[in-house]
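In what follows, a structure is listed as structure tokens, so that the remarks can point back to it.
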Amino acid sequence: SMTAIKKTIEGTVDNSTENVYTIYSRGDNSYGTITYLNKNNLNIVRLWVSNFQCFAVDIKGNFMSWGLNDYYQLGNGTNIDYVFAKNEKHSTDSFSILSYEKGVLPNVLNKSVPFPFKGNQVKTISCGDGFSLFLLKNGELFGVGRNDKGQLGMKLSFEKCTLLSGKRCLSSVERVDYFYNNKIHLTDIQTCNDFTIVCDENKNYYSWGNNDHFQLCRETLNLSTPEPEKVEAFSSLGQIKTLKVGWMHGVLVTITNKIFIWGNPYFDYNEHFPDLKKPTEIINSASNTITQIASGFHHVAFIAIEDGDYSLYTFGANDFGQLGYETKEDYIPEPRKVSINDKEEGSVISEVVTGAFHTLCRMTSGNIWGFGQNDNGQVGDYANEYITWPTIYNWKMDNNLRLHKIICANASTVIIKKRGMDIEEDEEDALKVEI
């Protein structure tokens, strides 16, 4: 099945009897991944929402996982297709969640099988199609799941792997020794489908996994490889501000606000579209400061400051209207400005997030606007299977709570709100989204 771009939610809640975060989930619930994401998540301290699997740490320090598990990607030592029974509904609003009183808990990782680290040691988790990678706060990297195309960044002997559906898989969580042996401290990880790009503390980038369309962006044949290797092609671009990956492409922004893309973002739409073997600059009319960039499976969205105003630009695939302007073109290779007319005076766009084929925008007014694929209601409570123009997100939510974060994962959306308007947060404890 198609995987989604990794999305991560992290948050800190207190141990009181009142909820700090209220979580609303809507969209594809094929493997129960969003069943447990609702307003009663009192016991969750940290949470990661990915394509079809979720990881969480509760207030007792339990490290938990649930969702799709056909290649051991949940790290629980089994390959049960999914930890919880598949819900009869293909899409969901919200369901009852974790409850200590009822004894209902997801798979507790550090109790069911020996685990090499605890939940509070994790910095972030990145998931692709059938595999999971865990980046620790100390810079170490661990992985589990599919490795048939070198997804885990490990050279594994045949004896160490389990063959599932013809794919070589690692059934237990193990360290990626390349970085540990070379004393390389990682700070960021970006994974999608079947390849990975990471960044170390010295701003060096490394890639591994599938390279059938040169998505690894390094001087090698377009073959899969399990060996992490430095991406030398980035050295001539200048300092990189941010980097994201899609289904079989990568995109980055430099500190000089230039946008580069590589791989093949449009192969599914034009089989003759050439592979971009090296970073290729995108013609960008928004030459001013780019504050944020996000990537779906085949489309890219970014926020640019123009004459003091914040504007949204998109480019790439548009088959579900995920670019936000009414056109029948399947894909658009150059950025165009998206018109969002928020009625609140002085309201500007402050955040953009992307799912596989949909886009959501957060405004300073607190309003949320969305467009793109909507077959599971991920853009809002509309009958349309896809929405081609920015439409205000109109799903039921408690307006008395403060909008905190938005996350899009594959064909689902998670809205996070919190009580109070004056809760102080430091940068380390603040809820954040990584794409």
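Counting Cα-Cα pairs of region 203-352 in 10 Å increments starting at 0 gives whole-percent bin shares of 11, 40, 33, 13, 3, 0. Packing here is the average count of other Cβ atoms within 10 Å per residue, and on that basis the peptides 172-184, 248-260, highest first, run 248-260, 172-184.
Distance cut-off 21 Å, Cα to Cα: go down the list LYS241/LYS328; LYS155/LYS278; LYS149/LYS277 and report the pairs above it. As for pairs spanning more than 21 Å Cα to Cα, those are LYS241/LYS328; LYS155/LYS278. In plain terms, the chain from LYS160 to PHE273 could stretch by 36.8 nm, reckoned as 0.36 nm per residue minus the Cα-Cα distance. Here's how it looks for SER350: its modeled amide H is under 5 Å from those of ARG362, MET363, THR364, which are all 5 or more places away or on a different chain. For region 353-425, the per residue solvent-accessible surface stands at 40 Å², with DNA, RNA and ligands left out and a 1.4 Å probe. Potential lengthening of the chain between THR364 and GLU281 amounts to 26.8 nm, from the contour at 0.36 nm per residue minus the alpha-carbon distance. The value of relative contact order for region 144-262, using C-alpha pairs under 8 Å at least six residues apart, is 21 percent.
Probe radius 1.4 Å, ligands and nucleic acids ignored: give me the carbon and sulfur share of the accessible area of region 121-222 as a rounded percent. Carbon-and-sulfur percentage of accessible area, whole number: 42. Counting only Cα atoms, the size of region 128-230 along its three principal axes is 39, 29, 20 Å, in decreasing order. Restricting region 313-396 to trypsin sites (Lys or Arg not before Pro) that sit in a DSSP loop and have at most 12 other Cβ atoms within 10 Å of their own Cβ leaves LYS328, LYS343, LYS396. Sorting the segments 212-224, 194-206 by their mean number of nearby beta carbons within 10 angstrom, highest to lowest, gives 194-206, 212-224. Probing with 1.4 Å while keeping every protein chain in the model, the per residue accessible area of region 206-270 equals 37 Å².
The values are calculated or read from the model by the stated rules, or taken from the named source; none is laboratory data. Just so it is clear, the structure is predicted and the values come from calculations on it, not from any experiment. Note that we place each Cβ from the backbone using ideal geometry, even for glycine, and neighbour counts take in every protein chain shown. Heads up: the accessible areas ignore ligands, DNA and RNA and are worked out on the full protein's heavy atoms, side chains in. Shrake-Rupley method; radii C 1.70, N 1.55, O 1.52, S 1.80 Å.
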